[in-house]
Every structure is written in structure tokens, then in C-alpha cells.
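Step one of this worksheet: look at the structure below.
Quick note: the coordinates plus some simple rules give every number you see, no bench work behind them. In this text the structure is predicted, and so the values were computed from the model without any measurement. Cβ: placed from backbone, ideal geometry, glycine included. Neighbour counts: every protein chain shown.
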Amino acid sequence: MPTIHYILKDGTSRDVDAKAGASVMETAIRHNIRGIDAECGGSCACATCHVYVDDSFIDLLPPPDDMESEMLDMVAAERLPGSRLSCQLTVTAELDGLTVRVPETQI
């Protein structure tokens, strides 16, 4: 199983095993990762699952589509080059070790 490293708002880290095919958001919810709210349940409609992807993984991910990009324009925290909606990131074996940082705020 791939491992995802979530860096929480307080700087602590949680490492969780993720099921291939699940989203980074679903994995966070399943493991009670604080700060990933996912109010829309993963339908790319609320931006409350915003994360900052570590630079070393950005090129391993497909670029955001138009819908995700529009939602990222509305995030509460600063949009950075590594900003992604975790509901749009599918876990694969290639992403083993993926590190994402939870922003200070989602709302």
C-alpha cells in the first residue's frame, strides 16, 4: 500500500497507508486527518480539501482540469504552485511517499 504523509496545521505529520484507487481526500477522511473538511464529499464543488503537494511530487500528478483550477481560485488559504484539491488526486503505487500539507484554513 502506498503511504501518504499529511503535514498538519500545527506542523506535526501523520503517515497513513492508502488504498490504490482511492483519493487523497478519501484517505484523509478515513484516517481522521484534521483540516481536510471535504464538505462536498469529493465532487470538486467546495475546495475544502485543498492541500499543498510537496514539490517533489507535482510532476507525478496530472495537471488540474478546468473545474479544479476554478475551485482553486476560490480557496481560503493562499493558492500556491503546489495547491491541489485532494479529492482530485488518485492514489497510485507511483505516489508512495506523497507528502501534502494541510493549509491553515479551509473556510
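Starting from the Cα gyration tensor of region 6-51, take the square roots of the eigenvalues, sort them a ≥ b ≥ c, and report rounded, prolate or oblate (rounded when a/c is under 1.5, otherwise prolate if a/b is larger than b/c, else oblate).
oblate
Note down the nm distance, to one decimal, between modelled labels 7 Å out along Cα→Cβ at L8 and at S43.
Each label point is offset 7 Å from its Cα along the Cβ direction, giving 3.0 nm.
Remind me, relative contact order of the chain in percent, using alpha carbon pairs under 8 angstrom and six or more residues apart?
41 percent
Pop the C-beta distance of D65 and R30 into the FRET formula with R0 = 25 Å and round what comes out to the nearest 0.05.
0.55
Which residue, V24, S56, L72, has the largest displacement toward the positive end of the dipole of the chain when charges sit on each Cβ (Lys, Arg +1; Asp, Glu -1)?
So the residue furthest toward the plus end is V24.
Within 10 Å, count the other beta carbons around each residue, average over each peptide in 7-17, 76-86, 42-52, and list them highest first.
42-52, 76-86, 7-17
Just add up the charged neighbours of P103: K/R +1, D/E -1, any other residue whose Cβ is under 10 Å from the Cβ of P103.
+1
Please compute the modelled spin-label separation between D54 and V16, points set 7 Å along Cα→Cβ, answer in nm with one decimal.
1.7 nm
Would you mind working out the magnitude of the charge dipole of region 3-101 relative to its Cα centre, with +1 at each Lys and Arg C-beta and -1 at each Asp and Glu C-beta, to the nearest 20 Debye?
Once rounded to the nearest 20, the dipole reads 380 debye.
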